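The values are calculated or read from the model by the stated rules, or taken from the named source; none is laboratory data. Since the structure is predicted, the reported quantities are computational estimates derived from the model, not experimental observations. All Cβ positions, even for glycine, are placed from backbone atoms using ideal geometry, and neighbour counts span all protein chains on display.
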Amino acid sequence: MDSCCEKCINDKIINGIIEKEGGVVAECSVCGSQNVKAIRINNIVDYFEMLLEIYDEENHNGTDLAFLIQNDWEIFSNQEIASKLIPRIIPYSEEKKYQHKLDIQSVEDIWGKFKTEIKHNNRFFLKFDDFDIERFREWLNELSIQNFGKRVLYRARISEDKKLIELEKMGKPPAEYVKNGGRANPVGISYLYTATNRSTAIAEVRPHKGDVITIAKIKIVDRLRLADLRNPRKATSPFSKESEEAVYIFKYISLLQHFAEELSKPVLPRDAYLEYLPSQYLSELIKDAGFDGFIFKSSVGKGDNVVLFDDEKVNIVDVKLFEVKEIKFSTGARQ
């Protein structure tokens, strides 16, 4: 049986089909996983035919279709699996080369124009025709984590007097004290910035050697609906909107990816007031879409950051004092 299994696929729509229609096989013929649900490849061909709308055959300067599809959508568990499956799913593509119909650079240009518009032209009444904000909001909903689980989060603050900051002062700061804009919050609007581990929480406050840090342990006590911006290509599915043209799906998932990378990009403090404006705007869009917050990769730590628009669904259960003993730096030649 020419089939693939749940371990071969990352895509939530295809995996849903495997879960519903697949049968258990002793060993997957593609990845070798044992006792897994698998489905006949014929059952998913139509989905992948739709993706071909964004590629043109270009045998002189083109690229392998399996590489393009995996790089653009992260549908398969890895590139090796993609290279095995795409010729079986779309057999006539083998030995051919392809390129994008929509130039990837044009999406990068759209994102760059959006940032320029927000920073230098129109901050509150956005006049930007290159992408539809409402359609962008719809794609944000595809990143929803409905139940983040009863996890523990951490918040760090530098203790200026070297003493432990009281538990009740480790929540979301009062709005009147928010004098500077952050990666997500504009001036005067208070959000709760947390991290998924202590070391990332400490790194995010940019301490110096010898600084004393108060760390709050925060328990989630109610269901959180978060937008998962750690890897939009992996979190979304190009098959989730059947009526949407593939070229627009590619465009908006790519724009989400740029937003995610913007959130995780290191920003020098002296430039932050201006560089944070695009992410602040889109953070407000996430809040307006009904999310409790969002999760994104840290630019300075190995964990993730979680921004909560309110702190009603979390409780601070403990605070501890830590001293920064050492800070390590890594440098490289600038390209």
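Worth pointing out:
- Here Phe250 fulfils each of the conditions (1) under 27 Å from Glu53 (Cα atoms); (2) surrounded by fewer than 17 Cβ atoms within 10 Å (Cβ to Cβ) apart from (2).
- Scanning segment 301-331 for residues that are of a type in the set (A, V, I, L, M), farther than 19 Å from Ser144 by Cβ and surrounded by 15 or more Cβ atoms within 10 Å (Cβ to Cβ) yields a count of 3.
- Checking Val45, Val36, Val30 one by one, the residue that is in a strand (DSSP E or B), touching a residue at least 24 places away in the same chain (Cβ under 8 Å) and not assigned by TED's automatic domain parsing to the domain that holds Lys241 is Val36 and no other.
- Taking the criterion of being under 18 Å from Val300 (Cα atoms) and at pLDDT 95 or above, the residues of segment 203-223 that qualify are Ile213, Ile215.
- Tally, over segment 97-137, of residues that are part of a helix (DSSP H, G or I) and in contact (Cβ under 8 Å) with a residue 40 or more places away in the chain: 13
- Count of residues meeting criterion [in a helix (DSSP H, G or I) and over 20 Å from Ala195 (Cβ atoms)] in segment 245-265: 13
- Segment 267-279 residues that are assigned to a helix (DSSP H, G or I), paired with ones that are of a type in the set (S, T, N, Q) (beta carbon under 6 Å, 6 or more apart): none
- Of all residues in segment 77-96, exactly one satisfies the criterion of being surrounded by 18 or more Cβ atoms within 10 Å (Cβ to Cβ) and more than 15 Å from Ile41 (Cβ to Cβ), namely Ser77.
- Failed criterion for Arg155 (all others in (1) surrounded by fewer than 19 Cβ atoms within 10 Å (Cβ to Cβ); (2) touching a residue at least 24 places away in the same chain (Cβ under 8 Å); (3) basic (Lys, Arg) hold): (1)
- Scope segment 112-163; condition closer than 19 Å to Leu256 by Cα and of a type in the set (A, V, I, L, M, F, W, C); matching residues: Phe114, Ile118, Leu126, Phe128, Phe131, Ile133, Phe136, Trp139, Leu140, Leu143, Ile145
- Filter result for Ile18 (surrounded by 16 or more Cβ atoms within 10 Å (Cβ to Cβ) and assigned to a helix (DSSP H, G or I)): yes
- Checking Asp72 against (1) under 21 Å from Lys234 (Cα atoms); (2) assigned to a strand (DSSP E or B); (3) not basic (Lys, Arg), the condition it does not meet: (2)
- Of the residues screened, Glu160 is one that is surrounded by fewer than 12 Cβ atoms within 10 Å (Cβ to Cβ), assigned by TED's automatic domain parsing to the domain that holds Val306 and either touching a residue at least 24 places away in the same chain (Cβ under 8 Å) or of a type in the set (D, E, K, R) (or both).
- Top-ranked residue in segment 78-96 [being assigned to a loop (DSSP other than H, G, I, E, B) and modelled with pLDDT under 95; ranked as nearest to Asn59 (Cα to Cα)]: Lys96
- Annotation: Asp11 fulfils all but one of (1) at positive phi; (2) within 21 Å of the chain's Cα centre (by Cα); (3) charged (D, E, K, R); the unmet one is (1).
- Restricting segment 54-69 to residues that are assigned to a helix (DSSP H, G or I) and out of contact with any His (no Cβ under 8 Å at 6 or more places or on another chain) leaves a set whose member that is farthest from Ile89 (Cα to Cα) is Phe67.
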